[in-house]
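Working notes for the structure below.
The values are calculated or read from the model by the stated rules, or taken from the named source; none is laboratory data. All figures in this text were calculated on a predicted structure; none of them were measured in a lab. Cβ sites come from the backbone with ideal geometry, for glycine too, and all protein chains shown count toward neighbours.
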Amino acid sequence: MKAGIMLYALVMAVIFGMILSFYLSAVIDNQKNLITQKAFLSAQLMARMTQARVVKQKSGQIRFNTGISEYQQMGNVLKVTVRLENARTYHFELPNMVK
(Lines give C-alpha, C1' and ligand atoms only; values in the text may rest on other atoms or scores of the structure.)
Protein backbone atom coordinates (compact mmCIF):
# COMPACT_ATOMS: atom_id res chain seq x y z
CA MET A 1 0.00 0.00 0.00
CA LYS A 2 2.80 2.45 0.90
CA ALA A 3 4.63 1.60 -2.32
CA GLY A 4 1.48 2.35 -4.32
CA ILE A 5 1.11 5.77 -2.70
CA MET A 6 4.78 6.57 -3.34
CA LEU A 7 4.48 5.44 -6.96
CA TYR A 8 1.34 7.57 -7.42
CA ALA A 9 3.10 10.62 -5.92
CA LEU A 10 6.10 10.06 -8.19
CA VAL A 11 3.91 9.75 -11.30
CA MET A 12 2.01 12.93 -10.37
CA ALA A 13 5.29 14.80 -9.80
CA VAL A 14 6.59 13.70 -13.22
CA ILE A 15 3.35 14.73 -14.94
CA PHE A 16 3.39 18.11 -13.18
CA GLY A 17 7.03 18.62 -14.19
CA MET A 18 6.24 17.83 -17.82
CA ILE A 19 3.30 20.24 -17.88
CA LEU A 20 5.38 22.96 -16.25
CA SER A 21 8.21 22.39 -18.73
CA PHE A 22 5.82 22.63 -21.68
CA TYR A 23 4.25 25.82 -20.32
CA LEU A 24 7.61 27.50 -19.67
CA SER A 25 8.91 26.65 -23.14
CA ALA A 26 5.73 28.10 -24.66
CA VAL A 27 6.16 31.32 -22.65
CA ILE A 28 9.82 31.62 -23.67
CA ASP A 29 9.00 31.03 -27.35
CA ASN A 30 6.27 33.66 -27.18
CA GLN A 31 8.67 36.17 -25.60
CA LYS A 32 11.28 35.54 -28.34
CA ASN A 33 8.60 36.00 -30.98
CA LEU A 34 7.51 39.32 -29.45
CA ILE A 35 11.11 40.58 -29.34
CA THR A 36 11.60 39.65 -33.00
CA GLN A 37 8.36 41.36 -34.00
CA LYS A 38 9.33 44.51 -32.09
CA ALA A 39 12.70 44.64 -33.86
CA PHE A 40 11.08 44.20 -37.28
CA LEU A 41 8.46 46.88 -36.58
CA SER A 42 11.16 49.30 -35.38
CA ALA A 43 13.14 48.68 -38.56
CA GLN A 44 10.04 49.11 -40.69
CA LEU A 45 9.21 52.40 -38.97
CA MET A 46 12.78 53.63 -39.51
CA ALA A 47 12.52 52.72 -43.21
CA ARG A 48 9.22 54.61 -43.56
CA MET A 49 10.69 57.64 -41.77
CA THR A 50 13.70 57.46 -44.09
CA GLN A 51 11.35 57.37 -47.07
CA ALA A 52 9.61 60.51 -45.78
CA ARG A 53 12.90 62.38 -45.13
CA VAL A 54 14.73 61.55 -48.36
CA VAL A 55 15.80 64.65 -50.26
CA LYS A 56 17.33 64.89 -53.72
CA GLN A 57 20.46 62.97 -52.77
CA LYS A 58 20.78 59.60 -54.49
CA SER A 59 22.05 57.91 -51.35
CA GLY A 60 22.65 58.70 -47.73
CA GLN A 61 22.45 57.67 -44.13
CA ILE A 62 20.12 58.69 -41.30
CA ARG A 63 20.87 57.95 -37.66
CA PHE A 64 18.10 57.07 -35.23
CA ASN A 65 18.14 56.29 -31.51
CA THR A 66 17.85 52.57 -32.18
CA GLY A 67 20.02 52.20 -35.27
CA ILE A 68 21.14 53.47 -38.65
CA SER A 69 19.18 53.66 -41.88
CA GLU A 70 21.01 53.75 -45.20
CA TYR A 71 19.15 54.52 -48.40
CA GLN A 72 19.83 54.48 -52.11
CA GLN A 73 17.50 55.75 -54.82
CA MET A 74 17.25 53.56 -57.91
CA GLY A 75 14.68 54.91 -60.34
CA ASN A 76 11.23 54.50 -58.83
CA VAL A 77 12.52 52.34 -55.97
CA LEU A 78 14.11 53.44 -52.72
CA LYS A 79 16.28 50.70 -51.25
CA VAL A 80 16.63 51.06 -47.49
CA THR A 81 18.91 49.02 -45.25
CA VAL A 82 18.28 49.34 -41.53
CA ARG A 83 20.87 48.18 -38.99
CA LEU A 84 19.57 48.06 -35.45
CA GLU A 85 21.65 48.32 -32.28
CA ASN A 86 21.16 44.60 -31.64
CA ALA A 87 23.09 43.88 -34.89
CA ARG A 88 20.01 42.82 -36.85
CA THR A 89 19.81 44.06 -40.42
CA TYR A 90 16.65 44.51 -42.47
CA HIS A 91 16.30 45.39 -46.16
CA PHE A 92 13.29 47.21 -47.60
CA GLU A 93 12.35 48.32 -51.10
CA LEU A 94 9.90 51.20 -50.99
CA PRO A 95 8.37 53.34 -53.72
CA ASN A 96 10.45 56.46 -54.35
CA MET A 97 8.40 59.53 -53.43
CA VAL A 98 10.96 62.15 -54.56
CA LYS A 99 10.21 63.62 -57.97
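The residue that is modelled with the lowest pLDDT, counting only those in segment 51-61 that are aliphatic (A, V, I, L, M) and surrounded by fewer than 11 Cβ atoms within 10 Å (Cβ to Cβ), is 55. Only residues that are assigned to a strand (DSSP E or B), of a type outside the set (Ser, Thr, Tyr) and surrounded by 11 or more Cβ atoms within 10 Å (Cβ to Cβ) were counted across segment 62-90, and they come to 15. Residues that are at pLDDT below 95 and either within 19 Å of residue 87 (Cβ to Cβ) or of a type in the set (Val, Ile, Thr) (or both) do not occur anywhere in segment 25-32. Of all residues in segment 17-42, those that are in a helix (DSSP H, G or I) have Cβ atoms under 7 Å from Cβ atoms of residues that are surrounded by 10 or more Cβ atoms within 10 Å (Cβ to Cβ) and of a type outside the set (Phe, Trp, Tyr), 6 or more apart or on another chain, in 39/84; 39/86; 39/88; 42/66; 42/84.
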